[in-house]
Amino acid sequence: AYQAIRLSATPVVATHSSCRVFTPGLERNMSDELIRELAAHGGVIQINFASSFLVDSIRQRMAAIDGGVGKYLREHNLHHFDEKAMEYTRAYRREKGVPYADVRDIARHIDHVVKLVGVDHVGMGSDFEGLGDDLPRGMKDVSGYPNLIRELLLLGYDEPAIEKICGGNFIRVWEEVLRAARSEQSSEE
């Protein structure tokens, strides 16, 4: 990640990460040092909404549940996306009681990044299509965005800051990437 940030001609977006300070064992989440490096180069971390990315006790519990599912799938020679495997996974998770984060946990991650490096370097990396049943209470689908915006308002964020978080920061970086690509393309002609 450090190499990608340092070698890129444009800012980098970490599209589906959260803050490792809240989930110390989850390497996919970004450390404070890595968030600082990303921001120093104009990049954006987009907070993933997965409950297991947001709260460490949930991450640990889900790892144990997923271990039980994995054992069953191996014993029955099933792939995660086989219909029988998905049915078993849903039933097993229901039986074990899957824990969920809350929309406030997403706001907590956003607020941490803002306090660490400023509002220009954070966004939303929901991952609705990849999380299945791992989404927080109050944010099960896009209809939950008003809940998150409410939490940000309660934390004292104003409309310009929320606009940046909701997509403005990503658009800023994307425009820089497009300018660089056009410049590169025209220099090759």
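A cut-off under 15 angstrom between Cβ atoms defines the neighbours of Leu153, and their net charge, with Lys, Arg +1 and Asp, Glu -1, is -1. Of all accessible surface on the chain at a 1.4 Å probe, what whole percent is carbon and sulfur? It is 52 percent, rounded to a whole number.
Summed over qualifying helices (DSSP H, 4 residues or more, each -39500 (n - 2.57)) and divided by its residue number, the chain shows a 222 nm mean residue ellipticity of -17000 deg cm²/dmol. Fully extending the segment from Ser143 to His76 would add 20.4 nm, taking 0.36 nm per residue of separation and subtracting the current Cα-Cα distance.
By the rule of a C-alpha distance below 20 Å, with chain neighbours fewer than 8 residues away ignored, the lysines paired with Lys164 are Lys115. Each peptide in 37-49, 13-25 receives the mean, over its residues, of other Cβ atoms within 10 Å, and ordering these scores from highest gives 37-49, 13-25.
Once you reduce region 142-189 and region 43-86 to the center of their Cα atoms, the two points are 29 Å from each other. For region 28-156, the per residue solvent-accessible surface stands at 50 Å², with DNA, RNA and ligands left out and a 1.4 Å probe. Among the listed options (1) 13.1; (2) 13.8; (3) 12.5, the one matching mean projected area of the Cα convex hull in nm² as calculated from these coordinates is (1). Per-residue 3J(HN,Hα) values for region 19-31, derived from phi via the Karplus relation 6.51 cos²θ - 1.76 cosθ + 1.60 with θ = phi - 60°, read 9, 5, 4, 8, 9, x, x, 9, 5, 5, 6, 8, 6 Hz in sequence order (x marks Gly and Pro). Hey, can you list the DSSP H helices of the chain whose Cα span along the axis is 18 Å or longer and whose average Kyte-Doolittle score is at least 0.0? Span-like helices, by this rule, are 103-117. Give the cross-link partners of Lys71 among the lysines, using a straight C-alpha distance below 30 Å as the criterion and excluding same-chain residues fewer than 8 apart. Leaving aside lysines fewer than 8 places away in the same chain, those within reach of Lys71 are Lys84, Lys96, Lys140.
The values are calculated or read from the model by the stated rules, or taken from the named source; none is laboratory data. Bear in mind that the values here come from a model prediction, so they are computed numbers and not experimental data. Positions of Cβ are generated from backbone atoms using ideal geometry, with glycine treated the same way; all protein chains shown enter the neighbour counts. Accessible surface is based on the protein model in full, side chains and every heavy atom, while ligands, DNA and RNA are left aside. Shrake-Rupley method; radii C 1.70, N 1.55, O 1.52, S 1.80 Å.
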